[in-house]
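Right, one structure below, let's go through it.
None of the figures in this text is laboratory data; all of them are computed from the coordinates on show. Small disclaimer: the values here were computed from a predicted structure and weren't measured. Cβ placement follows ideal geometry from the backbone for every residue including glycine, while neighbour counts extend to all protein chains displayed.
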Amino acid sequence: MSNHPAASISLTRYLIEEQRAGRINAELRQLIAVVARACTSISIAVSKGALGGVLGDAGTGNVQGEAQKKLDVLSNDILLEANAWGGHLAACASEEMDHCQPIPDAYPRGNFLLLFDPLDGSSNIDVNVSVGTIFSVLRCPDGVTTPTDEHFLQPGTAQVAAGYCIYGPSTMLVLSVGHGTHAFTLDREQGAFVLTQGDMRIPDETAEFAINVSNQRHWEPAMQQYVEDLLAGKQGPRGKDFNMRWIASMVADVHRILTRGGIFIYPWDRKDPSKPGKLRLMYEANPMGMLVEQAGGAASTGRGRILDIAPTQLHQRVPVFLGSRNEVAAVERYHATAVASA
Ligand code: AHM
Ligand code: MG
């Protein structure tokens, strides 16, 4: 047996092989490589923490009325700058910007649209807990040279690529171009992402759930019943004990689910009835939904597939239930039964 370790597969090589197989074109390959480079820069800033002067509030707010952290703003700037001049994109849209931003006139415009949540899990920045970047790539509609928000309003099924980068004990990029979900770990010495978990698979069954239980009193009856039954464990109608985890960084919770299964839930609640959920469809639910489906899991609003939603607004919110497919089906049954008996 050879003493040499098998040649590692870098993100660069993976993308070139996907291009050779005809599954992505050169433009999309280069676009993903640019996003990965931007994530490497964000990873460096995140890991410097207090030494880099990046912790704390920026003193500004975003379009959703949320206070911005310095790292939210910095990460947004890094992604915008990195993607401005490559010629692969027509426009970017972000959680941190009111409207989409077309590529400046000084640079050539490409055929793709990029959406991102530049730093997800902002409440965890100052306490040194994992955060991440989430992104989604769509095609710019034919003939559109200066995209506006409405050109981004495409269902999740139209995504040509989706991914996230998690800034945890190690930095990992998890990516799908529609042919499985693959995880790459950043080798800091080499400055390259290396494939460490190809074809991630989410087990169909799980005994682990993730939800912010402090909102329980605001949930609708179907959710109250579902979680009550999970907590009842072996003695309850589900007939087994469930474990619970809640990191409050969607990237970290979804990463655990892609790694060992589970169900992640952020349901609609009555705290602010005008908002149909907390998480955003275009740059949180849709990319995570694609990654989870490509790993054999399911992503639902509790009443239907997330990726089938026809979006109406760039910053629209949705209830999110994603992960192990049998558990997502179980929670959909609770919602269906509640409707039937209403
Ligand atoms: P953010 O994009 O402003 O960081 O908000 C999204 C985050 C998710 O990462 C996480 O699942 C959720 O908000 C946590 O919400 P809560 O603080 O209600 O537990
Ligand atoms: Mg977010």
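Couplings for the stretch 120-131, taken from phi via the Karplus curve 6.51 cos²θ - 1.76 cosθ + 1.60 with θ = phi - 60°, read 7, x, 3, 5, 9, 4, 6, 10, 6, 10, 3, 10 Hz in order; Gly and Pro are left as x. Annotation: extensible slack from N215 through R303 equals 29.7 nm (criterion: 0.36 nm per residue apart, minus Cα-Cα distance). With a Förster radius of 30 Å, plug the Cβ-Cβ distance of W246 and Q64 into 1/(1 + (r/R0)^6) and report the FRET value to the nearest 0.05. In this case the efficiency is close to 0.90. For the stretch 215-226, 3J(HN,Hα) computed residue by residue from phi via the Karplus equation (6.51, -1.76, 1.60; θ = phi - 60°) reads 8, 3, 5, 8, 6, 7, x, 4, 5, 4, 5, 4 Hz, glycine and proline entered as x. Just Q154, Q216, Q30 to compare: in a GNM of the chain, with alpha carbon springs under 10 Å, which one fluctuates most? Among Q154, Q216, Q30, the largest GNM mean-square fluctuation belongs to Q216.
In the structure shown, the pairs K240/K275; K240/K271; K48/K275; K69/K271 are assessed against 25 Å; a Cα-Cα span above that value is assigned to K240/K275; K240/K271; K48/K275.
Partners of K278 within straight-line reach, counting aspartates and glutamates whose Cα lies under 18 Å from its Cα and excluding those fewer than 8 residues away in the same chain: E66, D72, E95, E96, D98, D117, D120, E220, D253, D269. If a/c stays under 1.5 just call it rounded; otherwise compare a/b with b/c (prolate if a/b is bigger, oblate if not). Do that for the stretch 11-197, with a ≥ b ≥ c from the square roots of the Cα gyration tensor eigenvalues. Taking the square roots of the gyration eigenvalues as a ≥ b ≥ c, the stretch 11-197 is oblate.
If r is the Cβ-Cβ distance from N25 to A84 and R0 is 25 Å, what FRET efficiency results, to the nearest 0.05? Once rounded, the FRET efficiency stands at 0.75. Restriction of the trypsin sites (Lys or Arg not before Pro) in the stretch 279-342 to DSSP coil positions whose beta-carbon has at most 16 other beta-carbons within 10 angstrom yields R303. Under the criterion of Cα pairs below 8 Å and six or more residues apart, the relative contact order for the stretch 208-341 equals 27 percent. Taking a sphere under 14 Å around the Cβ of D98 and counting the other residues whose Cβ falls inside, with K and R at +1 and D and E at -1, yields a net charge of -3. For GluC sites (Glu not before Pro), the sites in the stretch 1-81 that DSSP calls loop and that have at most 15 other Cβ atoms within 10 Å are E66. When only Cα pairs below 8 angstrom with a gap of at least 6 residues are kept, the chain shows a relative contact order of 15 percent. Between Y107 and T12, the modelled labels are 2.0 nm apart [label points 7 Å from Cα along Cα→Cβ].
Think of each Lys and Arg Cβ as +1 and each Asp and Glu Cβ as -1; about the Cα centre, that makes the dipole of the chain roughly 580 debye.
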